[in-house]
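Undergrad: Here's a structure for you.
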Amino acid sequence: MSRSVIPAAVARQPWRVILPLVVLVCFGTTVLYSAAGGSMTPFAQSHLLRFAIFLVMAFGISRAPSDFVRLVAYPAYAVVLLLLVLVEALGAIGGGSQRWLNLGPIVLQPSELMKPVIVLVLAQFYSTLPTGMIGSWRAVVPAGVLIALPMGLVLLQPDLGTALAIAFGGVVIMFLAGLPLRWFLAGGAAAAVAAPLAFFFALKDYQRQRVFTFLDPESDPLGTGYHITQSKIAIGSGGFAGKGFGNGSQSHLNYLPEPHTDFVFATMAEEWGMLGGLLVLAIFGLVLHWGWNVARTSRDRFAQLLAAGMTATIFFYAAINLMMVMGLAPVVGIPLPFMSHGGSSMLTNMICIGTLMMVDRWNRTPGARRLG
Amino acid sequence: MGRRFTQHVTMARLQDTFDRRAVVIGSAQAGLGVLLAVRMGYISVAENSKYQMEAESNRVNLTLIPPRRGWILDRNGAPLASNKADFRVDIIPDRMKDPQATVDRLGELLALPEVAIRDLKDRLEQSHGFQPIEVASGLDWDRFAAVSVRLPDMPGVIPQRGFTRFYPTGQSVGHLIGYVGAASAEEYEKDPSPILITPGYKVGKDGIEKTFEQTLRGIPGARRVEVTASGRIVRDLETREDTQGQALQLTIDGPLQDYAARRLGLESGSVVVIDCATGDLLCMASMPSFDPNSFSDGIGRVEWKMLSSDDHVPLRNKVLKGLYPPGSTVKPMVAMAFLEAGLDPEESTVCTGGLRVGNRVFHCWNRRGHGQVNMAKGIYQSCDVYFYHFAQKLGMDVIAPMAHRLGMGQEFDLPVLSQFYGTVPDPAWKLKKYGREWQSYDTVNATIGQGFMLANPLQLAVMASRLATGKKLMPRLVLDKTPPTPESMNFHGDHVQFIQNAMNEVVNGAGTAGRGRLPFEDIKMAGKTGTAQVVSLNVSHGKGGPWKYRDHGLFIFFAPFDKPRYAGAVVIEHGGGSGAAYPIARDVMTFMFDPKLGLEKLHALEQEWGGTAQQRLARKYASFAEEAGLETPKPAPTEAVIAERVEEADVAAARARPDTDAAVAPPPETDSPPANASPASGVVTPAPADAGAQ
């Protein structure tokens, strides 16, 4: 019935993900509206606007043909890597660490772009790797270098959260690409050994402090533990149904740090309670489930790895953020996808969504190449 | 396995691996999602009440509102201490980021003088961090607002509307009422109530303010406000008003107290007036004093320097803690002792200017002698020889009990912090204290109020009131509804009238205080002069010379002489003789019976002295601030230190005399001053009447 009314081009779009996303973004917008003290500015309006712009961009991305995407994978990686070097260089000249590039009206954070790009380049790498080599060093070393370069640059900024996100995306691709399991076990064991060493020698003081506070937030309730404590108070005081729209005292009286970015979930949970929290979790569940479906139904290895990696990246964002605000992870500056106010995060996540939509389109396009 | 893997890898196998591993990752992600949902439920439902409480305690700030202190009223209901609504600024050092810089900034905003800023910094150093420190009170709206709008940049600064204690008559009531100030660390330790560290809250530090602290305190109010994380108040939620402390009505007559204090003028001394019907203390003036209004924000360096460098000891309440040899003011008491012991008042002796006691001659103040002297003449001419003679006959055992009965050496049941009660010597006392036998010269000394004998002005006033009325008047300071009915002293026959008449002669007859006559036809004041030697004559002549060597001037009085309504005592330290004391008593009594006339006299005198006491104090402060204030920075001591220093001085004063006087053989006595000695004090000009008194 509807098919006759709705144009085919519209009907073809993956509404299974777009609709939940629109709901989530609108919900985020109301939270931001409340966080701004009942005002569309400065957060809610730009949040909606960005989503609209980036959604159009995602549609654009979804039109890209597979060959083109595979073609630009390495150049795109090189460009973003170059931008990261540029940021580092500018920071050194400016006498201080810097994460942004000021490009006229846009403030670009290259480390954000690296998250989808690392997935892209690794998907390309493994899809072109002869299947027989998957168990050899040649499957690991180039990929390791591809991951290590941007990670190192991001760590220099220093931005541990983003570096971990890049590593996570990379490792998930390596895992799904079929690298021998024992390597991951060995890698896990090595990480278990290296973690304490890194903790004591590589981490900055403030990062170490954050780990301590995560382990015992009440030890320093007015210092670094403040964030976690106040976030838990906000979520906990919301109760089952919340305090009501616009009635969150924790966010409105500034007890909650960053109520519109990193801790937007706490802001939401205070006013909407557990019901709101479950809604957000459910929508992320839908989106991620769709992402895995896209990956599993992909017809070639590149598309498969690409889709899975994008899904993992979105997952990493959401999971780390939610664990942080609920006191299950240390405070790392990672915003919640589609809800937190912030252009870079929205851009990254919409690139991921756009890429998934693209793979979805390839899957449904008849006559595409089969596996192999 | 690895071998097999590398050997048999095919595209299909990789696809298989991908599918399996995707399921693993997907499941892990779903598991984490479930974990997050459970965690969410745990925090927001299971621990909801805990976090709700924490959110409330975040949001709501409870501030205590310092209670308004109860007023202190005089006997007619006029305030001696009240409260003034004002704007004030306090700081809490613990909450400040950079105390020094903030204080400087406050100094700018409030236009504080540099001395005040430096005092503030001293207090900052001494303070415990949690205790609020007053920056300024009594601010106008503009300056208050200037601080209020900058609050976000200045954490720990607390501007508020509040009440400041106000003493309308300032230094006139300083010693009596005391003053208030922020609670010290010691006081907080003793009574760790949160109200004590609430900015703007003051506790009594001295005098009535301290002794009636619990009555005057009141119950703090509370204000629940919604605050932001940075402490900015968003809105009021609920306010419970404070309950003002109870008012306290004293027996003091406010105008009289003020008049007496001002009439003391440039002298260092005290005036006590007692109501002869009830024993009510109408006036307990002690000067020079401090202005309790300026003490409530702590004692500044300039103030401290001014007060501590003054040899007139403005920090000591001389009414209760000034001890003086009573001199000849004890003679009516001694006479009463003689009368009660059965001595016929007409029995006389001949005064030739001295009397040999043992192997030494004790002189009368009048070296030429008084001739034939009976008891009345002994009193109004203050003849020493009369008292030497009969005291020898009747003995100390007659005199000492009478002294005690009339209030000498007694501590009275008064709500004051401390009173020095002096000494009424007798043989047992001397043996106990010095391990030496009582000598006849000790009796001789005691009869003229010298030697070991010491009294404070309050005791002298009580003695005067009991002699005047024959009733056992107990001084009281707090007015309650039922006036006391003093019992009789049970003096025999017309002894009271005899003393009244003899003391009337002192002022209105051929006595030693001719200039003390009241300017009324129908009201006559009776009195007795006294001059107490401070140092031996070979150190300094008591009438002139260095101020601290001059004789004390004393006067006890009551009026009207035949139907006494008021009795009292005036003591002028180093006044050069009783001539410095009784004109003050005369003016105070004049004021009591005709306030207008009394004030006229006072205004004339104040013109001579260069303004009212308040004006003179302000000028003195200004000159100190100019000279010493900034150049010689001196940390303002804490109240405890001040109290200690005053105490030391008091003890020294109390000690000095009995020791020296006991060690040295009693010197020949002088008594009420010849009129021509008065100019030495530089205060009053002798009236012709005095010449007649000689």
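Undergrad: Just one of B:Ile523, B:Ile499, B:Ile556 is of a type in the set (Val, Ile, Thr), in a loop (DSSP other than H, G, I, E, B) and modelled with pLDDT of 90 or more; which is it? First the steps, then the outcome.
TA: On the way: B:Ile499 fails: in a loop (DSSP other than H, G, I, E, B); B:Ile556 fails: in a loop (DSSP other than H, G, I, E, B).
Exactly one residue qualifies, and that residue is B:Ile523.
Undergrad: Check the range A:230-244 and report whether any residue there is within 17 Å of A:Ala44 (Cα to Cα), more than 10 Å from chain B (Cβ to nearest Cβ) and either more than 17 Å from the chain's Cα centre (by Cα) or not in a helix (DSSP H, G or I) (or both).
TA: Residues of the range A:230-244 within 17 Å of A:Ala44 (Cα to Cα): none.
Looking for residues that are within 17 Å of A:Ala44 (Cα to Cα), more than 10 Å from chain B (Cβ to nearest Cβ) and either more than 17 Å from the chain's Cα centre (by Cα) or not in a helix (DSSP H, G or I) (or both), one finds none in the range A:230-244, hence no.
Undergrad: Any residue that is modelled with pLDDT under 95, crowded, with 19+ Cβ neighbours inside 10 Å and more than 27 Å from A:Leu179 (Cα to Cα) - is there at least one of those in the range A:294-311?
TA: No, the range A:294-311 has no match at all.
Undergrad: Another question, then. Going residue by residue through the range A:324-336, is there one that turns out to be within 9 Å of chain B (Cβ to nearest Cβ) and closer than 18 Å to B:Ile25 by Cβ? Spell out the reasoning first.
TA: Going through the range A:324-336, the residues within 9 Å of chain B (Cβ to nearest Cβ) turn out to be A:326-328.
Keeping just the survivors that are closer than 18 Å to B:Ile25 by Cβ gives none.
For the range A:324-336, residues within 9 Å of chain B (Cβ to nearest Cβ) and closer than 18 Å to B:Ile25 by Cβ: absent.
Undergrad: Please verify whether the range A:169-184 includes one or more residues that are under 30 Å from A:Gly132 (Cα atoms), within 14 Å of chain B (Cβ to nearest Cβ), modelled with pLDDT of 90 or more and open to solvent by 60 Å² or more (accessible area, probe 1.4 Å).
TA: Yes.
Undergrad: Now a separate question. Within the range B:180-190, identify whether any single residue is under 22 Å from B:Leu414 (Cα atoms) and either acidic (Asp, Glu) or buried (at least 23 other Cβ atoms within 10 Å of the Cβ) (or both), and answer yes or no.
TA: First pass over the range B:180-190, keeping only residues under 22 Å from B:Leu414 (Cα atoms): B:180.
If we keep only those that are either acidic (Asp, Glu) or buried (at least 23 other Cβ atoms within 10 Å of the Cβ) (or both) too, we end up with B:180.
For the range B:180-190, residues under 22 Å from B:Leu414 (Cα atoms) and either acidic (Asp, Glu) or buried (at least 23 other Cβ atoms within 10 Å of the Cβ) (or both): present.
Undergrad: Scan the range B:138-162 for residues that are closer than 18 Å to B:Gly181 by Cβ and either of a type in the set (A, V, I, L, M) or crowded, with 19+ Cβ neighbours inside 10 Å (or both) and jot them down. Write out each step before concluding.
TA: Pass one, the range B:138-162, residues closer than 18 Å to B:Gly181 by Cβ: B:138, B:158, B:160, B:162.
Answer for the range B:138-162, where residues must be closer than 18 Å to B:Gly181 by Cβ and either of a type in the set (A, V, I, L, M) or crowded, with 19+ Cβ neighbours inside 10 Å (or both): B:Ile158, B:Gly162.
Undergrad: Name every residue in the range A:53-82 that is more than 29 Å from A:Gly152 (Cα to Cα) and open to solvent by 50 Å² or more (accessible area, probe 1.4 Å), in order of residue number.
TA: Within the range A:53-82, A:Ile53, A:Val56, A:Met57, A:Phe59, A:Arg63, A:Pro65, A:Asp67 qualify.
Undergrad: Hand me the list of helices (runs of 4 or more DSSP H) wholly inside the range B:21-135 holding 2 or more residues that are polar (S, T, N, Q) and within 14 Å of chain A (Cβ to nearest Cβ). Before the answer, list the steps.
TA: On the way: elements: B:48-59, B:99-110, B:114-126.
Output list reads B:48-59.
Undergrad: Also: Can you pull out the residues in the range B:72-104 that are open to solvent by 20 Å² or more (accessible area, probe 1.4 Å) and under 16 Å from B:Asp253 (Cβ atoms)?
TA: Correct list: B:Leu73, B:Arg75, B:Asn76, B:Gly77, B:Ala78, B:Pro79.
Undergrad: Does the range A:350-358 include one or more residues that are open to solvent by 30 Å² or more (accessible area, probe 1.4 Å), more than 14 Å from every other protein chain (Cβ to nearest Cβ) and either free of Cβ contacts under 8 Å to residues at least 40 places away in the same chain or not aliphatic (A, V, I, L, M) (or both)?
TA: Checked the range A:350-358: no residue is open to solvent by 30 Å² or more (accessible area, probe 1.4 Å), more than 14 Å from every other protein chain (Cβ to nearest Cβ) and either free of Cβ contacts under 8 Å to residues at least 40 places away in the same chain or not aliphatic (A, V, I, L, M) (or both).
Undergrad: In this structure, does B:Gly254 turn out to be at pLDDT 90 or above and of a type outside the set (Asp, Glu)? If you could, list the steps in order and put the result at the bottom.
TA: Numbers: at pLDDT 90 or above: yes; of a type outside the set (Asp, Glu): yes.
Answer is yes for this residue.
Undergrad: On to the next question. Which residues, taken from the range B:82-131, are within 15 Å of B:Pro159 (Cβ to Cβ) and touching a residue at least 60 places away in the same chain (Cβ under 8 Å)?
TA: B:Ala85, B:Asp86, B:Phe87, B:Arg88, B:Val89, B:Asp90, B:Ile91, B:Ile92, B:Arg95, B:Met96
The values are calculated or read from the model by the stated rules, or taken from the named source; none is laboratory data. Here the structure is a predicted model, which is why all the values come from computation and not from measurement. Cβ: placed from backbone, ideal geometry, glycine included. Neighbour counts: every protein chain shown. Each accessible area value is taken on the protein alone, full model and side chains, heavy atoms only, with ligands, DNA and RNA left out. Shrake-Rupley method; radii C 1.70, N 1.55, O 1.52, S 1.80 Å.
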